[in-house]
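So that we are looking at the same thing, I have put the structure below in structure tokens.
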Amino acid sequence: MSWVSDYEYTFLQRQTLRVLRICRHIPHHVAFVMDGNRRFAKSKDIDKIEGHSRGFEKLADCLNWCLEIGIREVTTFAFSIENFKRSTDEVEGLFNLAREKFSKLLEESDRLNEHGIRIRVIGSIELLPQDLQKLIATAMLRTERNDKLFLNIAFSYTSRDEITQAVETVLNHERHLEEIGDNEDRLLSQDINERLLEECLYTRHSSPPDLVFRTSGETRLSDFLMWQLSSSVLYFTNVLWPQITIWNFFASIFVYQRASCRLEAFRGKERIRSAKLAKISDFYSSRVQTFLQKLDIFRRKELIKLASN
Ligand code: FPP
Ligand code: MG
């Protein structure tokens, strides 16, 4: 099963796609919380891991729908740090599924390049088995030039961990400069603010999700993108993730479109606030910009190291 399925659209689905695209805004970035795989497995009397595997197949359909409707960025919650607390069998099963899918991704990277899909895994990947880290890093580097659809996979991720690592990134940088006696590049206390921390998140190069789609009737965020979702439209459905259809997806787009006017007004105000903060805190100073450039270089080097391990 590929990362993008060969979904066959019916005439009515094509017409609906067209109407949704013509009528109003299409969200730029959609986040999926793929919940309900085990309940689905139980209802069908199949193994849990088969339920997760069906969940992956649904993700591949979703990617096809997103590409077709013109969504440019997708973030999906595939493995929470909390999921390490599940049984060893299930955790190993999920890792094996990820191994299989990332290996497949590397085999079919031409197809991903054709669709222009860039894969980014967000999370504490150092907590994962080493071979999986290598596969993930290779997949990220292999697709890094693509820019048509950004697919962010939250794997070994929680928001609290992401925010903690953002603070650690700043602290480690300062500690390093202190050790080497470089006082010129050191950040000033006014540089360390909301704007800077945001730039240290894994989602540094993404805009916040416009729409969050969560399945299985749970109406929680489960420590997913909590920083980034302050103004997103939330869409919850009772359907279990492996059972969603394109009509559930269309319904979420419709709900987003109804809410998008108010969302735009709110975001406009947020942009003004953020610009003011950047001005007050001298966000565009060479100190801060050098720090951010170094951060990108450091993160890429880490990936290269993992991929060559
Ligand atoms: C939540 O359902 C789903 C997960 C914890 C795993 C989702 C993972 C996949 C669909 C595979 C993705 C793999 C890659 C490589 C992207 P649940 O287990 O919480 O089910 P429940 O709510 O019914 O208990
Ligand atoms: Mg669940």
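The values are calculated or read from the model by the stated rules, or taken from the named source; none is laboratory data. Keep in mind the model is a prediction, meaning the values are calculated, not measured. For neighbour counting, all protein chains shown are included, and Cβ atoms are generated from backbone atoms with ideal geometry for every residue, glycine included.
So which residues in the range 207-221 are assigned to a loop (DSSP other than H, G, I, E, B) and away from ligand 2 (no atom under 15 Å from the Cβ)?
Hits for the range 207-221 are 207, 208, 209, 210.
Assess whether residue 21 counts as being within 30 Å of residue 263 (Cβ to Cβ), at pLDDT below 95 and in a helix (DSSP H, G or I).
Answer is yes for this residue.
Matching residues to (1) of a type outside the set (Lys, Arg); (2) under 15 Å from residue 125 (Cα atoms):
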{"residue": "142", "(1), (2)": "no, no"}
{"residue": "181", "(1), (2)": "yes, no"}
{"residue": "191", "(1), (2)": "yes, no"}
{"residue": "203", "(1), (2)": "yes, yes"}
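Each row is one residue, and each column tells you yes or no for (1) in contact with a Leu (Cβ under 8 Å, 6 or more places away or on another chain); (2) in contact (Cβ under 8 Å) with a residue 40 or more places away in the chain.
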position: 164; (1), (2): no, no
position: 183; (1), (2): yes, no
position: 207; (1), (2): no, yes
position: 214; (1), (2): yes, yes
position: 223; (1), (2): no, yes
position: 226; (1), (2): no, yes
position: 239; (1), (2): no, yes
position: 242; (1), (2): no, yes
position: 254; (1), (2): yes, yes
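Follow-up. Count, please, the residues in the range 47-90 that happen to be part of a helix (DSSP H, G or I), farther than 16 Å from residue 2 by Cβ and away from ligand 2 (no atom under 14 Å from the Cβ).
So the answer is 7.
Next question. Tally the residues that are free of Cβ contacts under 8 Å to residues at least 60 places away in the same chain, more than 7 Å from ligand 1 (Cβ to nearest atom) and touching a Leu at 6+ places or on another chain (Cβ under 8 Å), restricting the search to the range 35-67.
The number of residues fulfilling the criteria is 2.
Next question. Quick test of your reading of the structure: residue 35 fulfils all but one of (1) assigned to a loop (DSSP other than H, G, I, E, B); (2) at pLDDT 95 or above; (3) away from ligand 2 (no atom under 16 Å from the Cβ). Name the failing condition by number.
(3)
Do you know which residues across the range 116-144 are buried (at least 18 other Cβ atoms within 10 Å of the Cβ) and closer than 20 Å to residue 2 by Cβ?
Correct list: 117, 118, 119, 120, 121, 132, 135, 136, 138, 139, 140, 143.
Do you know which residues across the range 222-271 are within 18 Å of the chain's Cα centre (by Cα), surrounded by fewer than 16 Cβ atoms within 10 Å (Cβ to Cβ) and within 16 Å of ligand 2 (Cβ to nearest atom)?
222
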